[in-house]
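The values are calculated or read from the model by the stated rules, or taken from the named source; none is laboratory data. Because the structure is predicted, anything quoted here is derived from the model rather than measured. Note that we place each Cβ from the backbone using ideal geometry, even for glycine, and neighbour counts take in every protein chain shown.
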Amino acid sequence: MTLSSARMDSHSPITVPVPLGDRAYDILVGRGLIESAGTRIAALGARAAAIVTDEHVGPLYASALTASLEAQGLRVCVITLPPGEATKSYASLEWVCDAVLAAKIERGDLVVALGGGVIGDLAGFAAAVVRRGVRFVQVPTSLLSQVDSSVGGKTGINSRHGKNLVGAFHQPSLVIADTALLDTLPLREMRAGYAEVVKYGLIDDARFFAWCEANWQGVFAGGHERDEAVAQSCRAKAAVVVRDEHENGDRALLNLGHTFGHALEKITAYDSARLVHGEGVAIGLALAFRFSASLGLCPMADAERVEAHLKAVGLPTRLSQVPGGCGTVDELLDAMAQDKKVKGGALTFILARGIGQSFIAPGIAADEVRRFLTGEISA
């Protein structure tokens, strides 16, 4: 199966357009793109840029990105934060906003998010609110952020009430996904990001899921399969975002596995030593398919196939695999009650009739969820 014909030659990036009218932008996917990032970003017309990064990514790539921008005449400052999910906080948002203002970044200038999903979400939210809106560019450095969080304009921080509950929709002006940056990513983080790649096949593209089953090792090894997987994931997300930019309908499908996954993240107090986002999503995907099968919606064989692929990659698929425990059924239900898809107090899940056949299922009875989780916790 050939996923892309958009690359003109082996050195040019794959371009994935996101056609949102006056907020349209391109996603560029390929190896070595950070070296030419300055030229591409300068073409947006800014005079200055604030690079927001973290203490893990900054030492690896901030100097190269700064040099590339300065070579195009941009004034650059670098804002560095601690790594990890705990950085998506009110305190960090205040700190970044003040740093951007101190750097005299104007509305016509840019905030550049250089990092994974945490940095992208935080920097994007800061860009959305500083001066009531500054343009920003995503330079995602993790697989998860390249295929998911850098695309679509969702920005935000976490609250003590749950994940991503405070934020804004603010589309980037450009996304530069340099897949060579993933060469330095720890295996655990590659696996975590891959859960989001698999998700796109499970939502509405059974052929892509089959492609993943056949090609996942190439994605991890860094061959052309990696570029193709990132580009196809971005195409899938972009198509949904164009149909439903503000998550009033179909965009909720992108949360397949996330109702369970976000609840697990909250229960583990966003402690990445115990659970990172993609691991929560992997367990959530497996749970969503097993829950669908338990409701008679989905063949059990499909649920087993999903679990088998996630396990082959090295991802967790069971509640018993959450280090330190997953909490009680009541704690899981309480965490789910803060999910963004809750309406009128009723739980909404993304369920499936099969691989590539996901759908929005509002008003799932709490008793059904309790019965299912009771069985899963004791499994």
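Conditions tested, residue by residue: (1) assigned to a loop (DSSP other than H, G, I, E, B); (2) in contact with a Lys or Arg (Cβ under 8 Å, 6 or more places away or on another chain).
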| residue | (1), (2) |
| --- | --- |
| Trp211 | no, no |
| Gln232 | no, no |
| Ala239 | no, no |
| Thr259 | no, yes |
| Ala273 | yes, no |
| Arg290 | no, no |
Legend entry - Count of the stretch 258-311 residues which are among the polar types (S, T, N, Q) and surrounded by fewer than 23 Cβ atoms within 10 Å (Cβ to Cβ): 3
Inset, instruction - For the stretch 174-193, indicate whether the set of residues that are part of a loop (DSSP other than H, G, I, E, B) and either hydroxyl-bearing (Ser, Thr, Tyr) or over 28 Å from Val112 (Cβ atoms) (or both) is non-empty. - result: no
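Only one of these is in a loop (DSSP other than H, G, I, E, B) and hydroxyl-bearing (Ser, Thr, Tyr): Thr348, Thr317. Name it.
Sole residue among the options that is in a loop (DSSP other than H, G, I, E, B) and hydroxyl-bearing (Ser, Thr, Tyr): Thr317.
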Inset, instruction - For Leu333, work out the one condition from (1) exposed (fewer than 14 other Cβ atoms within 10 Å of the Cβ); (2) in a helix (DSSP H, G or I) it doesn't fulfil. - result: (1)
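On the basis of being over 18 Å from the mean Cα position of the chain (by Cα), modelled with pLDDT of 95 or more and on the phi < 0 side of the Ramachandran plot, does Leu182 make the cut?
Working: over 18 Å from the mean Cα position of the chain (by Cα): no; modelled with pLDDT of 95 or more: yes; on the phi < 0 side of the Ramachandran plot: yes.
Answer is no for this residue.
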Legend entry - Residue selected from the stretch 1-30 under the condition modelled with pLDDT under 95 and of a type in the set (D, E, K, R), by the criterion farthest from Arg226 (Cα to Cα): Asp22
